[in-house]
1. Which condition does ALA282 not pass, out of (1) out of contact with any Cys (no Cβ under 7 Å at 6 or more places or on another chain); (2) assigned to a helix (DSSP H, G or I); (3) more than 22 Å from THR90 (Cα to Cα); (4) not hydroxyl-bearing (Ser, Thr, Tyr), if it passes all the others?
2. Would you point out the residue of the stretch 179-230, among those that are outside any helix (DSSP H, G or I) and of a type in the set (A, V, I, L, M, F, W, C), that is surrounded by the most Cβ atoms within 10 Å (Cβ to Cβ)?
3. LEU66 - would you say it is crowded, with 17+ Cβ neighbours inside 10 Å and under 22 Å from the mean Cα position of the chain (by Cα)?
4. Small (Gly, Ala, Ser), within 16 Å of ALA104 (Cβ to Cβ) and at pLDDT 95 or above: does that describe GLY334?
5. Return the residues of the stretch 110-158 that are closer than 29 Å to ALA183 by Cα and either of a type in the set (D, E, K, R) or in contact with a Gly (Cβ under 6 Å, 6 or more places away or on another chain) (or both); say none if nothing qualifies.
6. Can you tell me which residue within the stretch 84-129, out of those that are without any contact (Cβ under 8 Å) to a residue 24 or more places away in the chain and either assigned to a helix (DSSP H, G or I) or in contact with a Phe, Trp or Tyr (Cβ under 7 Å, 6 or more places away or on another chain) (or both), is surrounded by the most Cβ atoms within 10 Å (Cβ to Cβ)?
7. Check the stretch 238-245 and report whether any residue there is surrounded by fewer than 24 Cβ atoms within 10 Å (Cβ to Cβ) and under 19 Å from the mean Cα position of the chain (by Cα).
8. Does any residue of the stretch 26-44 turn out to be out of contact with any Gly (no Cβ under 9 Å at 6 or more places or on another chain), closer than 30 Å to ALA247 by Cα, at pLDDT 60 or above and of a type in the set (A, V, I, L, M)?
Amino acid sequence: MLASSTPRAVTRVPLQPAGGAARPRRRVVANATPPAQPSSSSLLAALPLLRLAFPAAAAALAAGALAQVSAPAAFLTGAWGACPCPHIQTAAQLIGAGTALPAAAAAALASAAEAGPSRLASPTYTRLAAGLAAWAALTAAGLTLAAPRLALAPWYKGSAAAGLAALGAAAGVAAAAYAPGGAQAAVGAVPATLRTAATLDRACAPPLARAYGGLSTAAAVGAAYAAATAAIAAASPAPPPVRVVLAFSATAAALFAAIATGVLADAVARGRGGASTFVALAKGGAVGGGVAVGALAGMVGRGGRAGGVVPLMACAVWVVALAGVCGWHVCVGGEAV
């Protein structure tokens, strides 16, 4: 009879002989069965839904960002039912600018879904999908916490809830079901991306990769600060609802920016910066950074400010750097620079 190919582990079981101390006895036992992975048929069945969800999400995110950036006063009054104060308008414009990178990532995932399961299984798309799922969850959490005290328009409340839930579900499936390590790999994708960007070999990596690595680390610090602000706002007895939404949205935007720039740093370091996915991400970063620079410049021109001086200055420096680095990437194609 042929021997089984199941891996076996060796354990030691105490055996008490007749006249002495216990001696270990070797016993061979089969290892536990590894976690089951989704079948190929189920993965193929999910592809048509992902091919619909990601393009729709990219279009919806781009349209929402355009509304927030171009007409912040109308957006605040018509969708959020909030007072369109100048500093709140600037904050809404910054959040809209921060949606450019998630929209570009959704478009990249749509292209990967068209290519098939093998493309979605790559680490790049696992990281982008996990980041999108986290972005959707944080954004939805802010709206949910603020909804009881924020006069959200019914059309906006329903469409935002449905859209964020659909995007989060699609991104979660794309991250967990197709990655070789399953859900465990999806959960570890975000910290792995941030760790890779922070520990990039500065001596060997191209300058563009080092620039992206610095942007990723700085955005991760900003996300931690925004998360602390959001937690304080949510724990307050009667927090201003707009502040809660903006704090959670800022956390989501900063975290996804850290992930996206970390993915770009890794791609450029591997010599893959010229691939269409990474150039598209860089275009999203250049557009978002440029819009954010314009919003901040307009606020300074009006003589106002949104938030504390130090966070505002840090945000201004970061978005200027993001626009410059991503513009550099788009111009040179990310090839060994």
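The values are calculated or read from the model by the stated rules, or taken from the named source; none is laboratory data. This one's a predicted model, so the numbers in the text were calculated from it and none came from an experiment. When we count neighbours, we look across all protein chains shown, and the Cβ atoms used for this are built from the backbone with ideal geometry, even at glycine.
1. So ALA282 meets the others, but not (1).
2. So the residue we want is ALA179.
3. Considered against the rule, which asks whether it is crowded, with 17+ Cβ neighbours inside 10 Å and under 22 Å from the mean Cα position of the chain (by Cα), LEU66 comes out as no.
4. Judged against the criteria, GLY334 is not a match.
5. GLU114, ARG119, ARG127, ALA133, ALA136, ALA137
6. Across the stretch 84-129, the extreme among qualifying residues is GLN89.
7. Within the stretch 238-245, none of the residues are surrounded by fewer than 24 Cβ atoms within 10 Å (Cβ to Cβ) and under 19 Å from the mean Cα position of the chain (by Cα).
8. Among the residues of the stretch 26-44, not one is out of contact with any Gly (no Cβ under 9 Å at 6 or more places or on another chain), closer than 30 Å to ALA247 by Cα, at pLDDT 60 or above and of a type in the set (A, V, I, L, M), which makes the answer no.
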